[in-house]
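This structure is in structure tokens; I'll ask about it shortly.
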Amino acid sequence: QVQLVESGGGSVQAGGSLSLSCAASGRIFNPNIMGWYRQAPGKEREMVATISTSGSTNYVDSVKGRFTISRESAKNTMYLRMNSLKPEDTAVYYCRYLRINIDSWGRGTQVTVSS
């Protein structure tokens, strides 16, 4: 199994920035895809950004140009840099590891953006 621990959430005013980290441990193999997902109150969980071991990235349209996903394979760590935050970015952000038959999730970290 793979264990994931998110950190870096918090509260910020609109227009501000935050950085999230996700540390992975356990049976980690390549290739794999890691990603950030979020869930706002009363809404379904949605994909925010994903990154493969080769570095290919994918973003939801609402965060393109504002968020940047990256990873350090040597440290088994993934990051999400969030700039120009908006109140609608408020959610619990989850880290995900996906490879063949392994689908692991972190417990999440709260991001709150006030107007």
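In square angstrom, what is the accessible area per residue of the chain with a 1.4 angstrom probe?
Per residue, the chain has 54 Å² of solvent-accessible surface.
Which residues make up the longest stretch of the chain that has no trypsin sites (Lys or Arg not before Pro) in a DSSP loop with at most 13 other Cβ atoms within 10 Å?
The reported range is 65-106.
Tally Lys and Arg at +1 and Asp and Glu at -1 over the other residues with C-beta under 13 Å from the C-beta of L4: what net charge comes out?
+3
Need one word for the chain: rounded, prolate or oblate. Basis is the Cα gyration tensor (sqrt eigenvalues a ≥ b ≥ c); a/c below 1.5 gives rounded, then a/b vs b/c decides.
prolate
Here's something else I'd like to know. Once you have the Cα-Cα distance between E46 and D61, take 0.36 nm times their residue separation minus that, and quote the gain in nm to one decimal.
4.2 nm
Within straight cross-link reach of K43, meaning Cα distance under 24 Å, which lysines are found once same-chain residues fewer than 8 apart are removed?
Cα-Cα hits under 24 Å: K64, K86.
Of all DSSP beta bridges located in the chain, what percent are antiparallel, nearest 5?
Percentage antiparallel, nearest 5: 90.
While we're looking at this one, here's another question. Shape of region 29-71 from its Cα gyration tensor (a ≥ b ≥ c, root eigenvalues): rounded if a/c is under 1.5, otherwise prolate when a/b > b/c, or oblate?
oblate
A follow-up question, please. Given contacts defined as C-alpha pairs under 8 Å and at least six residues apart, what's the relative contact order of the chain, whole-number percent?
Relative contact order of the chain: 37 percent.
The values are calculated or read from the model by the stated rules, or taken from the named source; none is laboratory data. Please read these numbers as outputs of a predicted model, since none were measured by experiment. Note: ideal-geometry Cβ built from the backbone for every residue, glycine included; neighbour counts use all protein chains shown. Please note that ligands, DNA and RNA were not included when accessible areas were found on the heavy atoms of the full protein model with its side chains. Shrake-Rupley method; radii C 1.70, N 1.55, O 1.52, S 1.80 Å.
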